[in-house]
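A short write-up of the structure that comes next.
Only the coordinates and a few stated rules stand behind these numbers; no lab work does. Small disclaimer: the values here were computed from a predicted structure and weren't measured. Here the Cβ positions follow ideal geometry from the backbone for every residue, glycine too, while neighbour counts run over all protein chains shown.
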Amino acid sequence: MSIEDSLRTRIARACRVLGAMELTRALRGHISARIPGTNRIFVRARGPAEQGVRFTTEDEIVEVDLDGKPVAGMPKGLRTPSEIYIHTEILRARPDVNAVLHLHPPTVVLFTVTGTPLLPIYGAYDPQGLGIALEEPPLFDSSVLINTPELGRQLTAVIGGKRACLMRGHGITTAAGSIEEAGVIALGLNELATLNYQARLLGTPQPISQADRDALQPAIKRLAENGAAPGEPGPSIAAEWRYYCRLTGESA
Ligand SMILES: [Zn+2]
């Protein structure tokens, strides 16, 4: 399989997995990946012919340049997402990033609309989620569509060098070394929000101690290891991703 075909397959699969995990609403959301060594990307298309995030097929993954313009023709009934500039501007600004994910997970959105902090309330339960909490994902403080290059640049400035940002009344964006890592970060962020939410229903959540945070650092670092080649997930991310693929009936 060519690298292009492989990327299309992996993006479509990631959309289906995260759709099945209910990390977004119906049709809204997209994942992209850089084609190595080029200024072109693949991204999930939108339009009247689309199946919805959870049912994304490979022929819904289209190739665009970093200005958001289609490289080849667009399949009938599909178009580039209006929020393509989330992807193009982050990928333009961040050579360390090979994949960008934008979804609308409802539990995380609740935190953006109430201004409730995502506290580091667990450690060994999920070091990935702890790492995200300690990174303190910044908030893009507007709920508009990111449908211009300028808005894409503003979002890129907010996310800075981090792996995730929250978007008020809207959703999340994650930026990672691989498609799978972008997905695992989104799942970790969603779990962090879910447990924070449930802890607040039960009582007053208490952040874990500084000593615990320090002790978990090796586990957090291990999860951030890169794969053998640019755009490939490291071993810990690959294993976690494989689990979510199997859980949702995908081969991995
Ligand atoms: Zn959106």
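Within region 23-32, does at least one residue satisfy the condition of being touching a residue at least 60 places away in the same chain (Cβ under 8 Å), within 16 Å of the ligand (Cβ to nearest atom) and over 17 Å from residue 179 (Cβ atoms)? Yes, region 23-32 contains at least one residue that is touching a residue at least 60 places away in the same chain (Cβ under 8 Å), within 16 Å of the ligand (Cβ to nearest atom) and over 17 Å from residue 179 (Cβ atoms). State all residues of region 36-49 that are surrounded by fewer than 19 Cβ atoms within 10 Å (Cβ to Cβ) and of a type in the set (D, E, K, R); if no residue qualifies, say none. Matches in region 36-49: 40 only. Residue 79 meets the conditions (1) free of Cβ contacts under 8 Å to residues at least 60 places away in the same chain; (2) more than 16 Å from the ligand (Cβ to nearest atom); (3) touching a Lys or Arg at 6+ places or on another chain (Cβ under 9 Å) in every case but one. The failed one is (2). If you go through region 93-111 one residue at a time, do you hit one that is away from the ligand (no atom under 14 Å from the Cβ), in a helix (DSSP H, G or I) and aliphatic (A, V, I, L, M)? Looking through region 93-111, at least one residue is away from the ligand (no atom under 14 Å from the Cβ), in a helix (DSSP H, G or I) and aliphatic (A, V, I, L, M).
Taking only pairs six or more apart or across chains, which ones have beta-carbon atoms under 7 Å, a first residue in region 137-148 that is closer than 14 Å to residue 115 by Cβ and within 10 Å of the ligand (Cβ to nearest atom), and a second residue that is of a type outside the set (Gly, Ala, Ser) and assigned to a loop (DSSP other than H, G, I, E, B)? Going by the 7 Å Cβ cut-off, the qualifying pairs are 143/168; 143/170. Residue 42 satisfies every condition listed in (1) more than 14 Å from the ligand (Cβ to nearest atom); (2) in contact with a Ser or Thr (Cβ under 8 Å, 6 or more places away or on another chain); (3) part of a helix (DSSP H, G or I) except (3).
Residue 162 meets each of the listed conditions (1) outside any loop (DSSP other than H, G, I, E, B); (2) free of Cβ contacts under 8 Å to residues at least 40 places away in the same chain; (3) among the charged types (D, E, K, R) apart from (1).
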